[in-house]
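As structure tokens, the structure follows; a few thoughts come after it.
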Amino acid sequence: LSVRPDVLPQAALEQLAILQDNVKRFPTKIAYEVIEKELGVPFEAIFDEISEEPVAAASLAQVYRARLRESGEYVAIKVQRPDIREMVSKDLYVLRRAAEVYQGLVERFAPQQKTDYVALLNEWAVGFYTELDFMNEAKNQMELKSALEERGSGGVYIP
């Protein structure tokens, strides 16, 4: 939401940007456990090296730099925050309840306002859950890479 001036006022956007820029990292030990669980093998079986600290941290995940054992190529490993889906679900539940109350107030005191805030929140929630699907994100990146290669767009690199 911090980049949606069409949805929130400027003051709210500025506060969200501050929160976004100050995201605390979760412990690397936990990230390594998540990586190994997802891969089904110790990460040493696939990577020669992996950064001890994340190179980036955001609200949904953090990113580590690693080198593939087989090819020596450096890659980024995006690790989702533990329990993020549950936290997002709780937050969205609270937001939905607030939207229902707000919708009732709007319908009572500003009936000319036709925005369906509950439906808007529901649609936004679907998109938010899609953001948590890293396999979908990878599929989209591969489709974009293919489309750019077909068009001969050599100036854009997509790993």
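The values are calculated or read from the model by the stated rules, or taken from the named source; none is laboratory data. Keep in mind the model is a prediction, meaning the values are calculated, not measured. We place every Cβ from the backbone using ideal geometry, glycine too, and count neighbours over all the protein chains shown. For the accessible areas, the whole protein counts, side chains as well, though only heavy atoms, and no ligand, DNA or RNA atoms are used. Shrake-Rupley method; radii C 1.70, N 1.55, O 1.52, S 1.80 Å.
Of GLU33, GLU100, GLU44, all but one fail to be free of Cβ contacts under 8 Å to residues at least 40 places away in the same chain, farther than 24 Å from LEU132 by Cβ and either open to solvent by 50 Å² or more (accessible area, probe 1.4 Å) or among the hydroxyl-bearing types (Ser, Thr, Tyr) (or both); the exception is GLU44.
Matching residues to (1) open to solvent by 70 Å² or more (accessible area, probe 1.4 Å); (2) not small (Gly, Ala, Ser):
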residue	(1), (2)
ARG85	yes, yes
SER89	no, no
LEU92	no, yes
ASN122	no, yes
ALA125	no, no
GLU131	yes, yes
LYS139	yes, yes
GLU143	yes, yes
LEU148	no, yes
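Restricting region 47-63 to residues that are under 20 Å from the mean Cα position of the chain (by Cα) and more than 20 Å from ASP133 (Cβ to Cβ) leaves a set whose member that is most open to solvent (accessible area, probe 1.4 Å) is GLU53. Taking each residue of region 108-131 that is of a type in the set (Ser, Thr, Tyr) and looking for partners that are open to solvent by less than 60 Å² (accessible area, probe 1.4 Å) with beta-carbon atoms closer than 6 Å, six or more apart or interchain, yields TYR117/ALA99; TYR117/GLN103.
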